[in-house]
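A.B. asks: Here's a structure for you.
The values are calculated or read from the model by the stated rules, or taken from the named source; none is laboratory data. Quick caveat, the model's predicted, so the values are computed rather than measured. All Cβ positions, glycine included, derive from the backbone under ideal geometry; neighbour counts span all protein chains shown. Surface accessibility is based on the protein's heavy atoms, side chains included, excluding ligands, DNA and RNA. Shrake-Rupley method; radii C 1.70, N 1.55, O 1.52, S 1.80 Å.
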Amino acid sequence: MKMWKGDSFLKELYEQTASRRALENEGRAPDERKQRMKERLESSLGEFNLTGQGQVQPKLLERIEFADYTRERVELSIVEGLSFGAYLLIPKGVPGKLPGVIAVHGHGYGSRQICGMLADGTPDPGHTDIYRHFALELVRLGMVVIAPDVIGFGERALQSDLDADPESPSSCYMMSAQLLMMGKTLTGLRVAEMRGALDYFAGREEVDPSRIGIAGFSGGSLIAYVTAVLDERIRAVNLIGFPNTFKDSIMAVHHCVCNYTPGILEIGELPELIGLIAPRPLFLESGDRDPIFPKRGFELAAEELRAIYRDAGAEDRFGWDLFPGVHEVSGRRSFGWLKQMLQS
């Protein structure tokens, strides 16, 4: 029976897409299937013109000494026509080249939110924010941290959005809509800048380029997992407040448009896509009362990813923590795990 409303129609399309994926992958060797998925994922993001390596030198904007770490702010230019700030947190009193972590924020007021500052750059005396200043937690574990400013948030919001509303939470809608009309995605732009930040970070004298990890929260985890899939210099991955299935999260709950990539389900469900990181170490973290990345979807994703890692002979490199909480950072197990993986 044909329906006036589209609920059943959409469910059927989802199942048809899953069946078509399974049929396309039938008979393919695991390595061939994995490589094909990576290529299709990269293609789905759109292409951006990159600044040639060495053409635009990083600019030091500030350097501040704290009791246990040094904070620098640098300006980088990766995509032609754009530049952005990134904070570097360098632990004191730890000799030699150190493990490094790229810390990726999501919605909010930018990298200051994870580096112990308020939106205006002044110190944040509290610790109640959902981000928990997690970049500071990482540097205090003895790892060098870079926290790039993600385009569309804070100081990188569109001026047109700020002119219309100085309290505008993000520029995701306007940027996503315009990029989609030009065959590109906001995720693609953000990942391109993150990979360029990795180039810079790997060349820092304090960082061991063979021991670089990435940690993201919420939309930052979207950027983190895609960056890790496409760049194997990322040796360990910590995804917080994001791991789930598409079906149980962004297809079931209202989310920012920046989460959606055209045709992504033709390539894979979210656990399959995150699973392209295997056999490199992966840790998933989520609050058991997270309203936008629900518990059920997290548990389904964790079990599917455990199976992917088992099949890759790397189950000991996979971990997860469903902690008591909402949509927020915990780090109670994941941050120590990340340090351990980058030291081993």
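A.B. asks: In what order, largest first, do ARG140, ARG195 sit by accessible area if the probe radius is 1.4 Å?
C.D. replies: Numbers: ARG140 140, ARG195 70 Å².
From most accessible down to least: ARG140, ARG195.
A.B. asks: Please give the per residue volume of the convex hull enclosing the alpha carbon atoms of region 184-316, rounded to a whole number of Å³. Write down the numbers at each step before the final one.
C.D. replies: Values: hull volume 14.1 nm³, N = 133.
Measuring per residue, one finds 106 Å³ for the Cα hull of region 184-316.
A.B. asks: Can you give the longest run of the chain that contains no GluC sites (Glu not before Pro) sitting in a DSSP loop with at most 10 other Cβ atoms inside 10 Å? Please report the intermediate quantities before stating the final value.
C.D. replies: Working: sites that count: GLU26, GLU167, GLU205, GLU232.
The reported range is 27-166.
A.B. asks: Dipole magnitude of the chain about its Cα centre, charges +1 at Lys/Arg Cβ and -1 at Asp/Glu Cβ only, in debye to the nearest 20? Display every interim value, and only then the final one.
C.D. replies: Working: 39 positive and 48 negative charges, 124 e Å.
Around 600 debye, computed over the chain.
A.B. asks: For the charge dipole of the chain, defined by +1 on Lys and Arg C-beta atoms and -1 on Asp and Glu C-beta atoms about the Cα centroid, which residue among GLY96, GLY52, LEU162 has the Cα displaced farthest towards the positive pole?
C.D. replies: Sorting the options by dipole projection puts first GLY96.
A.B. asks: Evaluate the relative contact order of region 213-309 (contact order divided by residue number), counting alpha-carbon pairs under 8 angstrom at least 6 apart; express in whole percent.
C.D. replies: Values: 147 pairs, mean separation 33.0, N = 97.
Relative contact order comes out at 34 percent.
A.B. asks: Averaging sequence separations of C-alpha pairs under 8 Å and six or more residues apart, then dividing by the length of the chain, give the relative contact order as a whole percent.
C.D. replies: On the way: 642 pairs, mean separation 56.9, N = 344.
In percent, rounded to a whole number, it is 17.
A.B. asks: For SER249, SER77, give me the order by solvent-accessible area with a 1.4 Å probe, most accessible first, ignoring ligands, DNA and RNA.
C.D. replies: On the way: SER249 0, SER77 25 Å².
Reading off the accessible areas and sorting them downward yields SER77, SER249.
A.B. asks: Which value, in debye to the nearest 20, describes the size of the charge dipole of region 233-285 about its Cα centre when Lys and Arg Cβ atoms bear +1, Asp and Glu Cβ atoms bear -1, and nothing else is charged? Provide the component values of the computation, followed by the final result.
C.D. replies: Numbers: 4 positive and 5 negative charges, 60 e Å.
It comes to approximately 280 debye.
A.B. asks: All other residues with a Cβ under 12 Å from the Cβ of ALA312 taken together, and with Lys, Arg as +1 and Asp, Glu as -1, what is their net charge?
C.D. replies: In short, +1.
A.B. asks: Could you point to the residue in MET175, ILE214, LEU186 farthest towards the positive end of the chain's charge dipole, with +1 and -1 charges on the Cβ of Lys/Arg and Asp/Glu respectively?
C.D. replies: ILE214
A.B. asks: For VAL237, what accessible surface area do you get with a 1.4 Å probe? Give it in Å², rounded to 10.
C.D. replies: 0 Å²
A.B. asks: Shifting gears a bit: In nm, to one decimal, how far is the LEU180 label point from the SER8 one, both placed 7 Å along Cα→Cβ?
C.D. replies: So the two model labels end up 2.7 nm from each other.
A.B. asks: What net charge is computed for the residues neighbouring PHE217, neighbours being all others with C-beta under 13 Å from the C-beta of PHE217, Lys and Arg scored +1, Asp and Glu -1?
C.D. replies: The answer is -4.
A.B. asks: With only Lys, Arg, Asp and Glu charged, each at its Cβ (+1 for the first two, -1 for the last two), find how big the charge dipole of region 191-255 is about the Cα centre; round to the nearest 20 debye. Walk me through the numbers before you get to the answer.
C.D. replies: Details: 6 positive and 8 negative charges, 38 e Å.
With only Lys, Arg, Asp and Glu charged at Cβ, the dipole is about 180 debye.
A.B. asks: Please give the Cα centre distance for region 20-67 versus region 199-213, rounded to the nearest Å.
C.D. replies: 17 Å
A.B. asks: Given the pairs LYS184/LYS247; LYS2/LYS247; LYS59/LYS339; LYS97/LYS184, which span a C-alpha to C-alpha distance of over 27 angstrom in this model? Don't skip to the answer; put the middle values down first.
C.D. replies: Working: LYS184/LYS247 23 Å; LYS2/LYS247 23 Å; LYS59/LYS339 29 Å; LYS97/LYS184 37 Å.
Violating the 27 Å Cα-Cα cut-off are LYS59/LYS339; LYS97/LYS184.
A.B. asks: Show log10 I(q)/I(0) for region 40-80 at q = 0.28 Å⁻¹, two decimals, from a solvent-free Debye sum over equal Cα scatterers.
C.D. replies: Here the Debye-derived log intensity ratios amount to -0.93.
A.B. asks: Amide H of ALA157 versus every other amide H placed in the peptide plane: which residues, excluding those fewer than 5 positions away on the same chain, fall under 5 Å?
C.D. replies: Residues meeting the amide H criterion: GLY152.
A.B. asks: Just the ratio, please: alpha-carbon radius of gyration of region 102-232 over 2.2 N^0.38 Å, N its number of residues. Intermediate values should be presented prior to the final figure.
C.D. replies: Numbers: Rg = 15.1 Å, N = 131, 2.2 N^0.38 = 14.0 Å.
Dividing the Cα radius of gyration by 2.2 N^0.38 Å gives 1.08.
A.B. asks: At 0.36 nm per residue, and after removing the present C-alpha to C-alpha distance, how many nm does the segment from GLU24 to THR51 gain when stretched out fully? Please list the in-between numbers first.
C.D. replies: Numbers: separation 27, 0.36 × 27 = 9.72 nm, distance 3.67 nm.
Full extension from GLU24 to THR51 adds 6.1 nm.
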